[in-house]
Amino acid sequence: MASLSSLLSRLRSASSKSSYFYNRYANLRHLRPLPIATNTSSNNNNKANNPLLLWSTAFALSAGSLSLLSPSSPSLCDDSKTAAVIGGKGSTEYVVKGSHRPVPQELIRELNTICQDNMTTDYDERYVHGKPQNSYHRAVNIPDVVVFPRSEEEVSNIVKACDKYKVPIVPYGGATSIEGHTLSPNGGVCIDMSLMKRVKALHVEDMDVVVEPGIGWIELNEYLEPYGLFFPLDPGPGASIGGMCATRCSGSLAVRYGTMRDNVINLKVVLANGDVVKTASRARKSAAGYDLTRLMIGSEGTLGVITEVTLRLQKIPQYSIVAMCKFSTIKDAADVAIATMMSGIQVSRVEILDEVQVRAVNLANGKNLPEVPTLMFEFIGTEAYAREQTLIVQKIVAEHNGSDFVFAEEPEAKKELWKVRKEALWSALAMEPTYEAMIADVCVPLSHLAELISRSKKELDASPLVCTVVAHAGDGNFHAIILFDPNREDHRREAERLNNLMVHTALSLEGTCTGEHGVGTGKMKYLEKELGVESLKTMKRIKAALDPNNIMNPGKLIPPHICF
């Protein structure tokens with residue numbers, strides 16, 4: 001009985017506490033310390049109780065027991081006025097608000113002991129870490145301190161120190177996320193994982209690799225190439241493996257190999273109290289307990305800091321062919337993508353670019369491609385199989401009003417063709433160099449893709465803003481790059497209107513507001529309509545159990561108006 005009383009007490013306690021390319025950032029590595037901040041508020045040294053015990057308790061206790069949680073606790077139910085401006089329902093605010101208090105001097109000293117020279121309070125460095133490189137999102141504050149841990153032990157000690165003083169933590173990877181994941185609206189400590197980028201173990205016969213979170217997917221594939229292996233996810237250049245896990249990203253190869261959740265075997269994660277958890281074994285499948293790996297993938301740093309990732313690998317394809325064809329309408333292109341998937345052909349990529357995006361490519365790269373809706377494919381396998389696939393798809397294209405079907409087999413020619421797609425964002429931004437991009441990331445069941453694109457394209461073409469369309473057509477994921485002047489209110493409102501329209505259209509077609517970019521601060525306002533309030537309450541209960549002091553990337557993912 002005493003044990004049960006203790007558990008309930010702990011649960012109540014937990015609830016109440018409640019650059020354009022990446023090289024642009026890589027050059028900012030001159031750490032120049034500034035004077036130590038002064039502590040202006042009292043600090044509570046009480047350590048959080050064991051989050052794993054609280055986690056188990058949160059799942060095991062009945063709804064009646066969970067009613068013991070206080071709905072007035074700040075970490076469980078934010079003020080409605082605040083909710084309206086940092087991602088709650090109906091939020092249209094451009095700048096993410098947040099509260100801020102100076103970081104205690106004692107914490108600065110502890111971090112200095114842990115990190116030695118690998119920390120900074122330099123304003124320029126803090127500003128870079130507080131403003132995502134490719135995102136229009138802003139926050140009223142920037143991090144107070146940036147630390148660069150070199151080991152899991154250092155991460156654990158940093159997190160313990162921050163939890164003790166109840167100072168917010170924002171994990172930071174490749175800085176390529178676009179939904180405000182790395183903003184620091186409440187200031188606090190930014191944990192930059194870029195120095196943790198070792199390959200810890202490669203198991204060639206098992207086709208898996210163990211890496212630290214700071215390594216980029218491009219760097220990893222360069223390491224793996226001599227072994228005939230590769231990691232198949234390919235988001236934007238500069239993305240790190242840890243950030244890719246945190247946002248549950250995918251890329252153009254997801255149609256063949258799946259998303260991040262399908263390609264991670266296990267993780268090691270530092271929880272809010274500093275404990276290190278390994279989420280699973282290295283076996284390719286397991287039925288042992290809760291799937292903690294999938295819980296952490298896509299949690300966007302709100303439940304813990306990823307310090308190690310075990311990834312499943314693939315053999316480098318023996319042969320590949322890249323094909324391109326043109327259409328008079330984008331709906332025809334989408335119909336061919338759907339017909340190709342329905343044919344059973346195992347394509348590895350199916351990508352759509354509209355005529356505006358092709359124009360952007362021409363302007364940025366000095367090309368002379370026909371400015372019409374364009375569909376791109378990649379076929380892999382043996383040489384005979386890849387060519388057979390190509391001929392089958394060429395026939396499907398001809399049956400759906402497609403034309404100018406061309407394909408490349410030589411490595412340089414293939415690379416040049418795919419460059420058209422991989423540099424879509426940079427090409428679009430070059431059309432309006434002083435503008436920023438609001439990027440839609442909706443995804444629908446494949447059968448609804450043509451309808452989603454057609455309805456969205458009609459509005460995009462009628463808008464005064466420059467809007468381009470790119471899509472991972474093989475799995476129903478559709479992006480619109482909406483260029484707007486951040487200094488013009490009418491531009492911001494129009495961009496928001498278009499984004500809202502596409503999201504609500506996708507939701508009406510049983511889709512999602514984000515196929516691969518994640519929630520961050522930008523997509524929180526859509527989650528209640530997509531998932532329902534009970535689903536969000538469950539997420540918040542998990543968050544409160546694992547992070548009772550609400551220090552782990554606060555203000556992200558879970559809408560602030562959700563209460564229980």
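The values are calculated or read from the model by the stated rules, or taken from the named source; none is laboratory data. Computed from a prediction, not measured in an experiment: that's the story for all the values here. Because the Cβ atoms are built from the backbone with ideal geometry, glycine has one as well, and the counts that use them run over all protein chains shown. Accessible surface is based on the protein model in full, side chains and every heavy atom, while ligands, DNA and RNA are left aside. Shrake-Rupley method; radii C 1.70, N 1.55, O 1.52, S 1.80 Å.
Some points to look at:
- For ARG294 and SER454, a Förster radius of 25 Å and the Cβ-Cβ distance give a FRET efficiency of 0.15, rounded to the nearest 0.05.
- Alpha-carbon gyration tensor eigenvalues x 5, square-rooted, for segment 178-239, Å: 28, 13, 9
- Shape metrics for segment 474-561, restricted to C-alpha atoms - Rg then Dmax, Å: 15.2, 42
- Overall shape: oblate for segment 362-475, with the ratio a/c of the largest to smallest alpha carbon gyration tensor axis at 1.5 or above and b/c at least equal to a/b.
- Panel note: the C-alpha atoms of segment 395-435, placed on their principal axes, show extents of 43, 27, 11 Å (largest first).
- Between VAL533 and ARG497, full extension at 0.36 nm per residue minus the direct alpha carbon distance yields a gain of 10.6 nm.
- Solvent exposure ordering (accessible area, 1.4 Å, most first) of ASP262, ASP208: ASP262, ASP208
- Cα gyration tensor category, rounded, prolate or oblate, for segment 407-564 with a/c compared to 1.5: prolate
- Charge sum, other residues only, whose C-beta stays under 10 Å from GLU110's C-beta, Lys/Arg counted +1 and Asp/Glu -1: +2
- Accessible area of ASP122 in the full protein assembly, 1.4 Å probe (Å², nearest 10): 20
- Net length available on complete extension from HIS203 to ARG101 is 32.0 nm, with 0.36 nm assigned per residue and the Cα-Cα distance removed.
- Counting only Cα atoms, segment 126-206 measures 49, 33, 17 Å along its principal axes, largest extent leading.
- Cα gyration tensor shape for segment 214-317, rounded if a/c is under 1.5, else prolate or oblate: prolate
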